[in-house]
Amino acid sequence: MKAHRRQIREKVIQALHTLELRDTDIASASEWLITPELSKDQNALRFFRKLLNAIVDNKEEIDSYISKHTFNWDMSRIAIIDKNILRMAMAEILYFEDIPPKVSINEAIEIAKKFNSTDKSSKFVNGILDAIFNDLQGSGKIRKCGRGLIDRSTGKQTSKGSTDDNG
């Protein structure tokens, strides 16, 4: 059975949570999440590792975008789960050219609903990601290409892509 990207994203959130709460390295924080099913699907495994590493390697830059848009909220006051969901979506928006930003935002909202750290988690995640996305789009910092994404040469959206394929 093929692993779905949402399941992989949820595993990334779990690995980030482990890294946040324990004094451990990325391998120790993530290897326990690699199920036999996931290890058989090389594309899924590659996506899991690439996404997790992108977040860890670019945490400072990602957190600066989040901090800028959390309006007088110190990063330490944001629930750990919500913070990691925001980081995951931001990593996809910034570093994964093949994933439409709206897919990343929608996935983050759905994961926030599932993990539900607070009653307002999904609305909080949605609001922050929308604000960051609008800021990045306005400044031309979003570079996406491929089916259902922004065509770099024209700046217009190409034909609609399937969120299951790209997201």
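Figures for the structure shown
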| read-out | value |
| --- | --- |
| Contour excess over end-to-end distance, with Cα ends at Ala79 and Glu61 and 0.36 nm allotted per residue | 4.6 nm |
| Derived scalar couplings ³J(HN,Hα) [the range 7-23; Karplus, 6.51 cos²θ - 1.76 cosθ + 1.60; whole Hz; x for Gly, Pro] | 4, 5, 4, 5, 5, 4, 4, 5, 5, 5, 4, 4, 4, 5, 9, 10, 7 |
| Estimated FRET transfer efficiency when R0 is 25 angstrom, pair Asp98-Gln137 (beta carbons, to 0.05) | 0.90 |
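Every number in this text was worked out from the coordinates using simple rules, so none of it is lab data. Since this is a predicted model, take the numbers as computed values, not measurements. Here Cβ is always computed from backbone atoms with ideal geometry, including for glycine, and neighbour counts include all displayed protein chains.
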